[in-house]
Amino acid sequence: MKRYAAIAALVLFAVAPLVSQAPKGWMVRADRSTSASDPDGAGTIKFVTMGTGFHATNPAAAVFWNPANTVTGNYTLKGTFTLQKPSGHTNFYGLVFGGQGLEGAGQNYTYFLVAQDGTWLIKKREGDASTQNVAPKTSHAAVNKPDQSGKSTNALEVRVGADTVDFVVNGTVVHTMPKAGLKTDGIYGIRVNHLLEVHVDGFAASK
């Protein structure tokens with residue numbers, strides 16, 4: 001997760017050549033790895049519609065969002081994520097919310113992610129070079145690990161209430177915190193870290 005501390009010159013709205021395609025209206029922002037021991041994969045990021053959902057192929061980490069997707073007040077954000085196969089080491093994927101200025105140097109959002117090792121975490125980005133843990137990487141039995149086929153499916157929810165925010169994996173609340181500690185109004189989207197291929201169904205926010 002050190003890679004998130006990156007890289008203003010490389011992540012400023014990096015749509016091309018790192019990104020080959022995205023659905024109409026969607027934006028893609030890549031975060032290039034600067035770690036020699038944990039490099040990005042070869043090729044370009046692909047984010048496409050597939051069936052009733054979206055399919056992300058990520059040699060590099062990226063955030064995906066449609067500027068029309070904004071929500072305020074009390075709401076529930078959902079998405080069901082199917083990891084197609086494990087990567088060579090732990091990488092995270094999941095939901096982005098409370099986004100502001102995602103295309104610029106002042107990007108700001110919170111993300112709730114899970115990984116193939118059965119852990120979840122919550123982080124907050126404030127600008128190109130600043131991320132901080134909201135809740136650290138934590139193991140939980142509710143997070144499904146890859147089965148014998150190599151796939152795992154996890155339904156994630158962020159439930160924003162009047163005073164608290166619940167973070168939910170497969171129907172189980174894994175963390176609750178005061179709403180006052182987060183920016184919850186704004187753009188919602190998807191984050192997939194590098195070396196992952198993930199399918200997303202049921203992605204939506206509802207009041």
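Using the Cβ atoms and a cut-off under 11 Å, what net charge is assigned to the surroundings of THR176, where Lys and Arg are +1 and Asp and Glu are -1?
0
Could you pull out the pairs from LYS85/LYS145; LYS46/LYS78; LYS124/LYS145 whose alpha carbons sit more than 20 Å apart here?
LYS46/LYS78; LYS124/LYS145
Please find, in a Gaussian network model of the chain (springs between Cα atoms separated by less than 10 Å), the residue of GLY79, GLY98, GLY25 whose mean-square fluctuation is greatest.
GLY25
Let me check I've understood the local charge: for THR119, count other residues with C-beta under 10 angstrom from its C-beta, Lys and Arg +1, Asp and Glu -1. What total comes out?
+1
What's the local net charge at VAL134, with K and R +1, D and E -1, over the other residues with C-beta under 10 Å away?
Here the count lands on +2.
Relative contact order (percent) for segment 76-205, with alpha-carbon contacts under 8 angstrom and 6 or more residues of separation?
Reported relative contact order: 35 percent.
Where does segment 50-125 land on Rg/Rh, using Cα atoms and the Kirkwood Rh?
Over the Cα atoms of segment 50-125, Rg/Rh equals 0.95.
Between ALA61, ALA36, ALA105, where does the largest GNM mean-square fluctuation fall for the chain, given springs only between Cα atoms within less than 10 Å?
Among ALA61, ALA36, ALA105, the largest GNM mean-square fluctuation belongs to ALA36.
Given [x] 0.98; [y] 1.19; [z] 0.92, which label gives Rg/Rh (Cα atoms, Kirkwood Rh) as computed from the coordinates?
Given [x] 0.98; [y] 1.19; [z] 0.92, the calculated one carries the label [z].
What is the dipole size for the chain, taken about its Cα centre, with +1 at each Lys and Arg Cβ and -1 at each Asp and Glu Cβ, in debye to the nearest 20?
20
On a C-alpha basis, how far is the centre of segment 71-89 from the centre of segment 172-186 in Å? Whole number, if you could?
15
Treating cross-link reach as a plain straight distance, find the aspartates and glutamates whose alpha-carbon is under 16 Å from the alpha-carbon of LYS207, omitting any fewer than eight places away in the same chain.
List returned: GLU157, ASP163, ASP166, ASP185.
Values quoted throughout were computed directly from the atomic coordinates according to the rules given, and no laboratory measurement underlies them. All figures in this text were calculated on a predicted structure; none of them were measured in a lab. Cβ coordinates were reconstructed from backbone atoms using ideal geometry, including for glycine residues, and neighbour counts include every protein chain displayed.
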